[in-house]
Amino acid sequence: MNEIFTPIDHSRTADEVVQQVEALIIEGVLRAGDRLPGERDLARRFDVSRPILRDALKLLEARGLIITRPGGGTSVADIIGQVFSAPVSRLIANHRKAWIDYLEYRREIEGMAAEYAARRVTAEDRTLLDAIMRRMADAHEKEDFEVEAEIDVEFHQAVGECAHNIVLLHTLRACYRLLSDGVFKNRLLVFSLPGARDQLYDQHRAIHAAVAGGDPPAARRAAMDHIAYIEGAMAEAERSGEWQRVARLRLMQRHPEADRPPPNEGRGLR
């Protein structure tokens, strides 16, 4: 965070500090949970007095943008988490139609994000995407499903940031929050389908290549094809899980003495 705060050039008022911090939050530079520097350090970076900084922090806290905890410093509030309330998240988690609609929505909006990203990608954006892809390649090689799934979300968030559209950025973040909060608890089943991990990895590479290469039509197509694949893979995983559930019940009914598969094997999507 050494370079993101810049000195106030004009009258050095609390409002100017507030405007700069608000811009950093809305543009996605500061994320939920990010810690702000200590009061003395932050006042120095803004080149304002500590009383002015305190007034600015009070305004930001009153607006729900930052949280100050005694002894815990000041951090950015979780404003994105409020887009989907807990009751709505539970409804989405428990209804098949909801996650189908979720993927349909993601297919369209991620196509748009990738297209915009390919048009607007900067050298710094490419550096960020390259670093994420190197970590994804490492997780893929090590067959670390959970880490690979986490980097998957991070990659899509980064593509959304490269689109340089504030509303699109925060809409996408709200969508990805459902994944990071575990609303789709069984999405890792997709990684267990034969060949799925390699397919997903290749799809991410295609999105990355199109965005970094500045090819908007290819980026949109690659992103939409990726989500379409996930839609089909999740449906297949669900069917496979249901088939295994029914087969297990038949086995238990007809041959109670037979060895049973582990209880988590083949669990379907919920």
Matching residues, region 7-38, being of a type in the set (S, T, N, Q) and within 20 Å of E161 (Cα to Cα): Q20
State yes or no: is R220 of a type in the set (K, R) and crowded, with 21+ Cβ neighbours inside 10 Å? yes
Reported set for region 181-210 where residues are modelled with pLDDT of 95 or more and of a type in the set (S, T, N, Q) is Q203
Restricting attention to region 147-156, does a residue exist that is among the aliphatic types (A, V, I, L, M), buried (at least 17 other Cβ atoms within 10 Å of the Cβ) and farther than 27 Å from A218 by Cα? no
Being under 18 Å from L103 (Cα atoms) and touching a helix residue (DSSP H, G or I) at 6+ places or on another chain (Cβ under 9 Å) is the requirement here; does V211 meet it? no
Only one of R245, R220 is modelled with pLDDT of 85 or more, of a type in the set (K, R) and part of a helix (DSSP H, G or I); which? R220
Given the criterion buried (at least 18 other Cβ atoms within 10 Å of the Cβ), on the phi < 0 side of the Ramachandran plot, in contact with a Cys (Cβ under 9 Å, 6 or more places away or on another chain) and β-branched (V, I, T), identify the matching residue among V48, V121, V76. V121
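The values are calculated or read from the model by the stated rules, or taken from the named source; none is laboratory data. Given the structure is predicted, the values throughout are model-derived calculations rather than measurements. Cβ: placed from backbone, ideal geometry, glycine included. Neighbour counts: every protein chain shown.
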